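Working notes, structure below.
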Amino acid sequence: MSQFFAMGGYAAFVWPSFILTAVVLVVMGFVSWRAMKKNESELKELQGAPRRSPRDAPATPPAGRAPKEHA
């Protein structure tokens, strides 16, 4: 069993690599979970917001845009 953990003399390189990989995976999982929770709460807010109909849109184009001309 000690030969397995010694990794043929390369344990100083192998075990830190395994540990670093595990830490990165845990951090990525946590960050993804937090982003999912944030997105879910934002979606709930958006679904609860009143919907605007096209009739509620402003009659004039936004500043900086010229109205389209029809030929």
Over all directions, average the projected area of the Cα convex hull of the range 1-50 and note it in nm².
-> 4.2 nm²
Computed lengthening from Leu20 to Trp33, 0.36 nm per intervening residue step minus Cα-Cα distance = 2.7 nm
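Bear in mind that the values in this text are calculations on the coordinates, not laboratory data. None of the values given here were measured: they were computed from a predicted structure.
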